[in-house]
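A.B. asks: Could you have a look at this structure, given as structure tokens, before my questions?
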Amino acid sequence: MQTQSLRLYGAAVARVLTRSRREGRGEVAATTERPVFVLGAPRSGTSFVARAIGSVPGFADLGELPPWKAAIPRLASLPEAEAAPERRRMLEAVRRYGLVRRLRAVEQSPETSFVLGAVLRAYPQAAVVHMVRDPRDVAASLLQKGWLRAGRSGRDDVGEPYGHHPRFWVESERAEEFDAASEARRAGWAWRSYVSAARAAPESTAEVRYEHLAADAEGASEPLAGHIGADPVLLAAALGGMHAESVGRWRRNLTAKQVDEVEVEAGELMQELGYS
């Protein structure tokens, strides 16, 4: 277990060192006690937005930190007061050894949604960015990746297996139902679970719609820049590369049955969020 943990920390530090050398140190941030956490359902644009924020002077994109991500299933079951110190120790260790302590960290693991309360205890001044995307587009992307597919082999970046088995975010009383569900329904299930969890701290969170960002990067970036304390012009330029053609891809890539299965799990929340 200790060897695995050291391997994950080593990978995280190496990645951050590589990025900091490639992108330069940038300006020293006014406060390094205000990291940015970009979260939301997988395939919702979290990586793109985190990289964009990290390219603005004063910020450093840490990527999806392997030790941080690997610990989330365990920490999600703990009281926030117990999980918070470990969250802080992990992030500060990577910042220190990755030589970015004088910059504001940007962490982008979608699973941070499930420990958001603990994260905000660890960093009360943190800025949270919640990326929200149409669940049908998320499902189309997840189905293409095959991460939730029955019989899928392989593991993710922290060693967790792909496939149709229930994850930690599946309601315990519905575990067998998840296991037996279609891949499309599991994708809708994932979207609902992540998005519901990510909405837990609205006072600390800026919600960014994938569709709005793709259509109008400048308009979407202005309130985001204010929320995280970034230069709005530089952030708008960094966010200008979102692929608008991926909006509405579900109409091309999902069958009518798959759309119905996504909406069985996600329908109530997607209507609340204005996705008809």
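The values are calculated or read from the model by the stated rules, or taken from the named source; none is laboratory data. Model, not experiment: these values are computed from the prediction. Glycine also receives a Cβ, built like all others from the backbone with ideal geometry; neighbour counts cover every protein chain displayed. Heavy atoms of the whole protein, side chains included, go into the accessibility calculation; ligands, DNA and RNA do not. Shrake-Rupley method; radii C 1.70, N 1.55, O 1.52, S 1.80 Å.
A.B. asks: Within segment 210-232, take every residue that is of a type in the set (Gly, Ala, Ser) and in contact with a strand residue (DSSP E or B) (Cβ under 8 Å, 6 or more places away or on another chain) and give me the one that is farthest from residue 53 (Cα to Cα).
C.D. replies: Taking segment 210-232 first, the residues of a type in the set (Gly, Ala, Ser) are 214-215, 217, 219-221, 225-226, 229-230.
Now narrow it down to the ones that are in contact with a strand residue (DSSP E or B) (Cβ under 8 Å, 6 or more places away or on another chain): 220, 229-230.
Values: 220: 13, 229: 10, 230: 8 Å.
Out of the qualifying residues, it is 220.
A.B. asks: When segment 60-106 is examined, which residues are found to be at pLDDT 95 or above and aromatic (Phe, Trp, Tyr)?
C.D. replies: If the condition is that a residue be at pLDDT 95 or above and aromatic (Phe, Trp, Tyr), then no residue fits.
A.B. asks: Among the strands (runs of 3 or more DSSP E) confined wholly to segment 28-127, which include 2 or more residues that are of a type outside the set (S, T, N, Q), open to solvent by less than 40 Å² (accessible area, probe 1.4 Å) and more than 30 Å from residue 189 (Cβ to Cβ)?
C.D. replies: Here the list reads 59-63, 104-107.
A.B. asks: If you don't mind, there's one more thing I want to ask. In this structure, does residue 272 turn out to be modelled with pLDDT of 95 or more and surrounded by 15 or more Cβ atoms within 10 Å (Cβ to Cβ)?
C.D. replies: no
A.B. asks: Do any helices (runs of 4 or more DSSP H) entirely within segment 171-256 hold 3 or more residues that are buried (at least 17 other Cβ atoms within 10 Å of the Cβ) and of a type in the set (Gly, Ala, Ser), and if so, which?
C.D. replies: 183-198, 217-228
A.B. asks: Listed residues 115, 129, 106; which is among the hydrophobic types (A, V, I, L, M, F, W, C), in contact with a Gly (Cβ under 6 Å, 6 or more places away or on another chain) and within 17 Å of residue 39 (Cβ to Cβ)?
C.D. replies: 106
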